[in-house]
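Below is one structure; the comments refer to it alone.
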Amino acid sequence: MNRQKTIMGLSVALHLFLLIGLWVLYTPLGVSWHWDWVPSLGASFSIRLDGLSMLFSWLICGIGLFVQLYAFHYMKDKPLSALFHLYLTLFMLAMLGLVLAGNLLLLFIFWELTTVTSYLLIGFNHDQEVSRKNALQAMLVTGAGGLALLAGLILLGQMAGTWEMDQIINRGAAFTSDNRFAPALILILIGAFTKSAQVPFHFWLPGAMSAPAPVSAFLHSATMVKGGIYLLARLAPVFSQSDLWFWSLAFTGGITAVWTVLVALQQRDLKLMLAYSTNVALGKLVFLLALGTRYAISAALMFTIAHALYKAALFMVIGTVDKATGTRNIDQVAGLGRILKFSFLAAGLSALSKAGVPPLPGFLSKEYMYKAALQISYAPTILLVFVNALMGAMALLVVVRPFISKPDARTVPATPVEKYIFLWIPPVCLGILQLWATTLGLHWLNTTLIIPAGQAIAPNAGYVSLKLWQGLNLPLALSGVSLLFAFLLFKYHTRIKRFIDRTTRMLPAGSQCYELIVKGIIRSGSALTSVLQHGRLTGYIFMLFFLMALVFLFNVPALPMPDIVDRQGIRFYEVLLALGLAAAVTTVILSHSRLLAIVSLGVAGFITTLFLMFYNAPDVAKTQLLVETLSVIFLVIIVGRLPKFSDVLPHTPVKRMLNTAIAVTIGAGVFRVLYAMSAGDPDTTLIDYFAANSLIAAHGRNIVNVILVDFRAIDTLGEITVVVMAALAASAILLKKKRTDR
């Protein structure tokens, strides 16, 4: 408990420090910092703090602060509660790095860090199989999208000739004619859609409900799922002029909003209802970014704020309901308004905002959604009215059923858990913030966040100063219509649910498709492994050399050959060494004695060492001599444990001919490559580079040593690691064999 208090206190202090620090550093015009990181790759550690990144940063730190407080009593007396606060803090820092990154490579690093840290949070209850399974599902889906995103960002960086987002955005108009523009856009959209749980990748987000309630409150409101939205908003100036951008976002966002709102109404688990409604909100945000007008951008930004506030509060309230009753089933909870009074207040304010009731921020964002849609056509307007009406019905269900409806025989008794103040203070504060946002704080939001963020998303669209009251107009009438339909849908929810169940029963669920894909990959991998990993060393060696022979056979004949052979330049000792090498190799092939074959193989290696000495490569020669000596010793030690030649079945004539053909092809191919290298002047680019930089950059005069331990240090470390692992494995096998013999 003391450790939990310490970690939670440090986390809260960090959140407050970041909130204040960001406020001190921020200006609406934007500010950035730049430090060289990997100059050879053109990568820098760039921080960009403008209206868009500030909006997301404050949501991340602010919601994170309330979640940390809520988690203190929610995770009270649970094992590893201190570690839980640490995971939340790491997740917050990863998200903060994502939205503040001013460099594409840096953005991708933090993007992947959010995937890893969310895996730790979703699978926190790792003793439960469902938690482990859903955490892995979320990581695989978003991780696969991350690979697509990496490819897209690389293409974008290549088009721009830089990784800095400021420069990329400024040059965005010049990219549309580039052949890499469409592939880059598609790959980046795949990455964003997987992270923001768009159809067909939507299923991982409801699966993440196996995480504790504080994780859901944080992940669904202001962090991971908003990462994809942030990426789309940030890169909108680059891609928004493309028809592919408009239709991809409009179609995907619209389908996601409509489909997941229908699935949400089918749920009986309150937490799952909220989870699917997060999919709906993300679909609407993607749809608004597709429209790209000044009203659409302003509506998207206001809705981002509104959704973060009410969704975090509602998830906390549902977590408290679960604490009090032990269930989240909507049919088993009722009359909680008298027991969980503060939670009822927070849920009421948040649900009203979710439904779009004035003067809460959900209402204001809905007004501007309708304004933006009406500018386009009636089709997007009808879609938004339909989706908002269903969202309003869900908001009523989440509050009326648990808190207002009368208990019956199925109702589970509740305990008054609000004696733990952090179970109700954070959601109540978020509810009060929603009231403040559109009444007293709207001017501040406009000038500080929404207008600067809108200019970052659509620099040429102009800006809109949001107003709570705009008179009697069509958007206000549509708001009233959506609320009326929301009430009717709530009243006839049971009938509507049965109808949706019947109409969607035959369609496959996203999680089922995921399971089929994973099982298919496992089966394919098993089948391929059974063919390639058959356990026969001779088969592995044969396949390796067979493929190598094919490479030589189809590529080597095209190499140039010297027109003149300088026979007079050949020295007598070179001929002598070549004959000795040929004799040693021939003895290895024809020998019927293992010991003679090993000695002949060693002789071939030692003759190669002499070649290296004569051609002024003493370092390589010493290495070759050491390797050959150890190889002979090891082979002599091992040979006694191998079966005798007479006990091994001989190869068939066909197999011998095939092996001979492969060996001759590889030998001839290597000879042809080396011989062709003398046809022209060698490329000295690498030689000159290492000669010029070995002393200056690595402070070494021996170029070979410098290459091994500095320029390719990681490669050398990998080789050493492989050798050590092989030695350990071999020693373990020999020791086991020795004990067995005894």
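The values are calculated or read from the model by the stated rules, or taken from the named source; none is laboratory data. Small disclaimer: the values here were computed from a predicted structure and weren't measured. In this analysis, Cβ positions are derived from the backbone assuming ideal geometry, glycine residues included, and neighbour counts consider all displayed protein chains. Only protein heavy atoms, including side chains, enter the accessible area calculation; ligands, DNA and RNA are left aside. Shrake-Rupley method; radii C 1.70, N 1.55, O 1.52, S 1.80 Å.
Computed quantities for the displayed model
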{"read-out": "Paired Rg and Dmax values of segment 302-417, which use every Cα atom, in angstrom", "value": "16.1, 51"}
{"read-out": "Distance between modelled label sites at PHE546 and LEU476, nm, 7 Å Cα→Cβ extension", "value": "7.9 nm"}
{"read-out": "Probe 1.4 Å, accessible area per residue of segment 569-679, Å²", "value": "71 Å²"}
{"read-out": "Kirkwood Rh and Cα Rg combined as Rg/Rh, segment 600-742", "value": "1.06"}
{"read-out": "LEU383, LEU734, ranked by accessible area, largest first (probe 1.4 Å)", "value": "LEU734, LEU383"}
{"read-out": "Among 689-698, 8-17, 357-366, 419-428, the order from most to least packed when residues are scored by Cβ within 10 Å on average", "value": "357-366, 419-428, 8-17, 689-698"}
{"read-out": "Size-normalised alpha-carbon gyration radius of segment 379-514, reference 2.2 N^0.38 Å", "value": "1.45"}
{"read-out": "At least 24 Å along the helix axis (C-alpha) and Kyte average at least 1.6, DSSP helices within the chain", "value": "81-100, 104-122, 378-399, 474-491, 537-555, 572-590, 594-614, 618-639"}
{"read-out": "For the chain, average projected area of the Cα convex hull in nm²", "value": "43.9 nm²"}
{"read-out": "Segment ARG132-ALA730, extension gain: residue separation times 0.36 nm, minus the distance between their alpha carbons", "value": "211.7 nm"}
{"read-out": "Stokes-Einstein translational diffusion, segment 1-129 - Kirkwood Rh over all Cα pairs, 1.306 mPa s, 10 °C, in µm²/s", "value": "100 µm²/s"}
{"read-out": "Rg followed by Dmax, in Å, when segment 214-361 is reduced to its Cα trace", "value": "16.6, 55"}
